[in-house]
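The values are calculated or read from the model by the stated rules, or taken from the named source; none is laboratory data. For clarity, every value in this text was computed on a predicted model and none was experimentally measured. Here the Cβ positions follow ideal geometry from the backbone for every residue, glycine too, while neighbour counts run over all protein chains shown. Keep in mind that these areas ignore ligands, DNA and RNA; they rest on the heavy atoms of the full protein, side chains included. Shrake-Rupley method; radii C 1.70, N 1.55, O 1.52, S 1.80 Å.
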Amino acid sequence: MFNHVTIPLKSIEATTIDGIRLYETPEGNKYPSITTVLSVRNETGLMEWRGPGQDGLTEWRKRVGEDVANHITRTAADRGTKVHYMCEDYLNNTEKNFPDKWKEHKKNFLPYCLFGQLKNKVLCNIDDIYAQEAGLYSDKYKVAGRVDCIAKY
């Protein structure tokens, strides 16, 4: 069982306007999400860095075609979302308290197998959990976002 040591964080609300996610702080400031900031920088060429394998991904898309590439990308994103929720539920101690929820998780074979690897190699090193899916913001940098988990590792 994971120990949850809740820390008081002020809540922030998110809205999306013209494809830009904005978070409003308790003081009424509106900051773009860090994801929005980074994607805009990338689209405008302000970020020259391209991730490892970007050229390979572009070539792969050309080779397999956009329809196939989009299908594989959506499938991978869906799988990642399922693994994310399994990790979140596990860290919230629902595995023992809500067995029916885990019966549903187990129906997703590959995501459940991937979760099992994370559980046995990564999640087992987590101790006190301070926050999950919490909104954070910086008045200094004028950005905001949501964090998956803040914990001792």
*asked:* Being assigned to a loop (DSSP other than H, G, I, E, B) and more than 18 Å from residue 22 (Cβ to Cβ) is the filter here; which residues of segment 130-153 pass it?
replied: 152, 153
*Mind telling me which of the residues 143, 83, 147 ends up being open to solvent by less than 60 Å² (accessible area, probe 1.4 Å) and either more than 29 Å from residue 36 (Cβ to Cβ) or in contact with an Asp or Glu (Cβ under 8 Å, 6 or more places away or on another chain) (or both)?*
147
*May I ask you to say which residue of 106, 121 is closer than 25 Å to residue 6 by Cα and open to solvent by 80 Å² or more (accessible area, probe 1.4 Å)?*
121
_Evaluation of residue 127 against (1) open to solvent by 30 Å² or more (accessible area, probe 1.4 Å); (2) under 24 Å from residue 1 (Cβ atoms); (3) acidic (Asp, Glu); (4) under 15 Å from the mean Cα position of the chain (by Cα) (one fails), failing number_ = (4)
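For (1) modelled with pLDDT of 80 or more; (2) assigned to a strand (DSSP E or B); (3) open to solvent by less than 100 Å² (accessible area, probe 1.4 Å); (4) out of contact with any Lys or Arg (no Cβ under 6 Å at 6 or more places or on another chain), each residue gets a yes or a no:
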position	(1), (2), (3), (4)
16	yes, yes, yes, yes
22	yes, yes, yes, no
28	yes, no, yes, yes
36	yes, no, yes, no
40	no, no, yes, yes
45	no, no, yes, yes
49	no, no, no, yes
52	no, no, no, yes
61	yes, no, yes, yes
*Is there any pair linking a residue in segment 9-32 that is basic (Lys, Arg) to one that is surrounded by 13 or more Cβ atoms within 10 Å (Cβ to Cβ), with Cβ under 6 Å and at least six apart or on different chains, and which?*
21/14; 21/33; 21/36; 30/22; 30/24
*Among all residue pairs at least 6 apart or on different chains, which show Cβ distances below 7 Å where the first residue, located in segment 73-99, is of a type in the set (Phe, Trp, Tyr) and the second is open to solvent by less than 60 Å² (accessible area, probe 1.4 Å)?*
90/119; 90/123
*Evaluate the following for residue 152: is it touching a His at 6+ places or on another chain (Cβ under 8 Å) and at pLDDT 95 or above?*
no
